[in-house]
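Undergrad: Have a look at this one before I ask anything.
The values are calculated or read from the model by the stated rules, or taken from the named source; none is laboratory data. Source: prediction; values computed, not measured. Virtual Cβ from ideal backbone geometry, glycine too; neighbours counted across all protein chains shown. Protein only, heavy atoms only, side chains kept; ligands, DNA and RNA dropped before computing areas. Shrake-Rupley method; radii C 1.70, N 1.55, O 1.52, S 1.80 Å.
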Amino acid sequence: MLKKSLVIMSISAAFFAQAQDISVIRNTVDIYSNAPNIGSAKFNAMAGSNGALGGDANSLLTNPAGLGVAISGEVSGTLSLTSNKNTSSLAGASTGYTINKGDLGNLGAVMTFQLMTETPWKFINIGVNYSNQFIDNYIETPGNSNLIYDFDATNSSSFGRHAYDRYGYLSKTSIGVGANYNNNLYLGAGLNFFNSSIDQSDTAIFNSLSNGSAEYFSKQSTPYYEKGNGFSASLGVIGKLSPNFRVGAALETPTFWNIDRSYNFYNDAVYGDDYAVENRKLTSPLKATISAAFIASKSFSLNVDYTLGLTKPKYKVYGDAETELNDFFKDNYKNLSEVKIGAEYRIKQFRLRGGYSYASSPFDALTVNRYADNGVASEQSYSNLILNDRNALSFGLGYDFKSFYIDASYQNITSKYSNPLLYGVVDSNYEAGYYSPNNLISSDAYAVSDVKNIRNNFFLTFGWKF
């Protein structure tokens, strides 16, 4: 059962005995440390793998040296239809919810400038790319009648349901230049500008055991709203080892985020229930990508990218909250690791494409105090807490009308992870519980659900070459 009194937890779980909301940790990794991965239908069909191939504006999403590969100008626009379904299971029950969205997902343009000189420099090309994606994510967890909270001797309630609700967007606008040296060496550099908007809530419902009425609770410091902008730079190189083999390497600096946020707070000794505003500055991980491509002929090409995060997310410290976050990421964050494989086969003017990507779990195994289905709390270790590894499978078709082309692709992304919820202590140091107008929930353990996330995305690109 949920208890008002706190218990002593082990060191492995101690980081949770603070005032952080799980959604803050999740969004730091899932949103601010991950660039938008929405490109053209071709890019998405090949799982975003183009680091040694290049040739279009989506090179700015992986390796700006790919701009130098282009030999003609190009403009394209991509429509995206995304579907995000979460199924959360707890105590033998499950709740599923799907969010469908449609929008302009990508715009790209490359302008080529052939150098009519005696030098080995063949082209200087300029590229612009805009990528946008919705980040809406709703995770509703069913209740458990064995989790009972006693507000007083005559007022008890059982856990009815919990929900993390996030909506907003993340966009990346990139400008870059690429150069072609003797058709064997390609160099590139890019500037990346990010914008984000996040509305996040963390709520619970408890049902009265006396009359069955439902009472709505919000986690301390939620709901919150964040508006962010960030900046990064990237450098890249592609070299031909032979007419059929290329290798590439790219480095993207950390994204330097400036985040304005507002949030609700409850039960303050001076202000009671009110809202506040603040600013946070976040430095996302530095990333390196190495690539290899095999081009058998004009009919077939294969590319492999491997990306590794070299640093960890870090907030500028203004107070205890940023210190707690930094300590958590320092001790528990694993550097980003992702592999992407993509291929294209051409049959006259038809294009067949496919791809696969795998991104590793961002966290080490974590041990927390959690409630079992029978309502008894004990420590449990999880290898997939908060977020986990991600698999993406994609394929696509295209047709080239010489000057115009049309591409379509489908992308399936899956992930399974353990979802901690309901933890929030209230004592002389922290007001981190769940609050309603009449009551509060103070819990020194988590309920942990199993979440299966499935994303089915469709893309349609129209392009013009000149």
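Undergrad: Report, in cubic angstrom per residue, the convex hull volume of the C-alpha atoms of segment 106-166.
TA: Numbers: hull volume 8.4 nm³, N = 61.
It is 137 Å³ per residue.
Undergrad: Find how much the distance from residue 335 to residue 383 grows on full extension, using 0.36 nm per residue of separation minus their present alpha carbon separation; answer in nm with one decimal.
TA: 15.8 nm
Undergrad: Between residue 231 and residue 81, with labels modelled 7 Å along Cα→Cβ, what's the label distance in nm to one decimal, could you check?
TA: 4.0
Undergrad: Would segment 418-466 count as rounded, prolate or oblate if I go by the C-alpha gyration tensor, calling it rounded below 1.5 in a/c and otherwise prolate when a/b exceeds b/c, oblate otherwise?
TA: Prolate, since a/c reaches 1.5 and a/b exceeds b/c.
Undergrad: Which of rounded, prolate, oblate describes segment 61-144, given a ≥ b ≥ c as roots of the alpha-carbon gyration tensor eigenvalues and a/c under 1.5 marking rounded, otherwise prolate only if a/b is larger than b/c? Can you show the working numbers first?
TA: Numbers: a/c = 6.94, a/b = 3.67, b/c = 1.89.
Prolate, because a/c is 1.5 or more and a/b exceeds b/c.
Undergrad: Karplus couplings for segment 219-226 from phi (6.51 cos²θ - 1.76 cosθ + 1.60, θ = phi - 60°), rounded to Hz, Gly and Pro as x?
TA: 5, 3, 6, 9, x, 10, 10, 10
Undergrad: If you don't mind, another one. Determine the sum of side-chain charges near residue 190: Lys and Arg each +1, Asp and Glu each -1, restricted to other residues whose C-beta is under 14 angstrom from that of residue 190.
TA: 0
Undergrad: Further, regarding this structure: Cut-off 15 Å, label point 7 angstrom out along Cα-to-Cβ of residue 275: give me the residues of segment 195-213 whose amide nitrogen falls inside.
TA: It comes to 198-202, nothing else.
Undergrad: Please compute the net charge surrounding residue 160, taking Lys and Arg as +1 and Asp and Glu as -1 over other residues with Cβ under 13 Å from its Cβ.
TA: -1
Undergrad: Something else now. List the lysines whose alpha-carbon lies under 19 Å from that of residue 312, not counting same-chain residues fewer than 8 positions away?
TA: Candidates past the 8-residue exclusion: 281, 287, 330, 334.
Undergrad: Right, here's the next one. Of the listed values (1) 1.09; (2) 0.91; (3) 1.01, identify the label whose number matches Cα Rg over 2.2 N^0.38 Å calculated from this model.
TA: Computed from these coordinates, Cα Rg over 2.2 N^0.38 Å corresponds to label (1).
Undergrad: Ignoring ligands, DNA and RNA, how do 331, 407 rank by accessible area with a 1.4 Å probe, largest first?
TA: Numbers: 331 100, 407 10 Å².
These residues rank, largest area first, as 331, 407.
Undergrad: Got a sec? Which residues in segment 356-393 would a label at residue 148 touch, if it sits 7 Å along Cα→Cβ and we count backbone N under 18 Å?
TA: Within reach of a label on residue 148: 371-377.
Undergrad: Taking only DSSP H segments of four or more residues, each worth -39500 (n - 2.57), what value at 222 nm results for the chain once the sum is divided by all its residues, to the nearest 500 deg cm²/dmol?
TA: Rounded to the nearest 500, the figure is -1500 deg cm²/dmol.
Undergrad: Does segment 206-270 come out rounded, prolate or oblate, given a ≥ b ≥ c as the square roots of the eigenvalues of its C-alpha gyration tensor, rounded meaning a/c under 1.5 and, failing that, prolate meaning a/b above b/c?
TA: Values: a/c = 7.83, a/b = 2.67, b/c = 2.93.
It is oblate, given that a/c is not under 1.5 and a/b is not larger than b/c.
Undergrad: Based on the Cβ-Cβ distance from residue 193 to residue 327, what FRET efficiency comes out when R0 is 22 Å, to the nearest 0.05?
TA: According to the calculation, E is roughly 0.15.
Undergrad: Just to be sure I follow: if Rg is taken over the C-alpha atoms of segment 206-324 and Rh is the Kirkwood radius over the same atoms, what is Rg/Rh?
TA: Details: Rg = 24.5 Å, Rh = 19.1 Å.
That ratio equals 1.28.
Undergrad: Same structure, new question: Let me cross-check residue 177: its accessible surface, 1.4 Å probe, with only protein heavy atoms counted, in Å² to the nearest 10?
TA: 60
Undergrad: Taking amide hydrogens as modeled 1.01 Å from N in the peptide plane, which residues meet the under 5 Å criterion relative to residue 147, leaving out close sequence neighbours?
TA: Here 159 satisfy the definition.
Undergrad: Further question on the same structure: With N residues in segment 128-224, what two-decimal value do you get for its Cα radius of gyration over 2.2 N^0.38 Å?
TA: My calculation over the Cα atoms of segment 128-224 gives 1.95.
Undergrad: Whenever you get a sec, compute what percent of the accessible area on segment 213-349 sits on carbon and sulfur atoms (1.4 Å probe).
TA: 60
Undergrad: Rank these residues by their accessible area, most exposed first, probe 1.4 Å: 118, 379.
TA: Greatest to least solvent exposure: 118, 379.
Undergrad: Could I ask something else about it? Residue by residue through segment 404-417, what is 3J(HN,Hα) from phi via Karplus (6.51 cos²θ - 1.76 cosθ + 1.60, θ = phi - 60°)? Round to whole Hz and write x for glycine and proline.
TA: For segment 404-417, the Karplus curve yields 10, 8, 9, 10, 9, 8, 10, 9, 10, 10, 10, 7, 10, 8 Hz.
Undergrad: Using the alpha-carbon atoms, what tilt in degrees (0 to 90, nearest 10) does helix 320-332 show relative to the longest principal axis of the chain?
TA: 60
Undergrad: Alpha carbon centre of segment 373-410 versus segment 151-219: separation in Å?
TA: Segment 373-410 and segment 151-219 have Cα centres spaced 16 Å from each other.
Undergrad: If you add up the charges near residue 446, with Lys and Arg at +1 and Asp and Glu at -1, over every other residue whose beta carbon is less than 11 angstrom from its beta carbon, what do you get?
TA: With Lys, Arg at +1 and Asp, Glu at -1, the net is -1.
Undergrad: In nm, to one decimal, how far is the residue 416 label point from the residue 374 one, both placed 7 Å along Cα→Cβ?
TA: It is 2.5 nm.
Undergrad: Here's a follow-up. Per residue, how much accessible surface does the chain expose to a 1.4 Å probe? Answer in Å², no decimals.
TA: 43
Undergrad: Explain nothing, just compute: Karplus ³J(HN,Hα) = 6.51 cos²θ - 1.76 cosθ + 1.60, θ = phi - 60°, for every residue of segment 308-317 in order, whole Hz, x for Gly and Pro.
TA: Values per residue, Gly and Pro as x: 10, x, 9, 9, 10, x, 8, 8, 5, 7 Hz.
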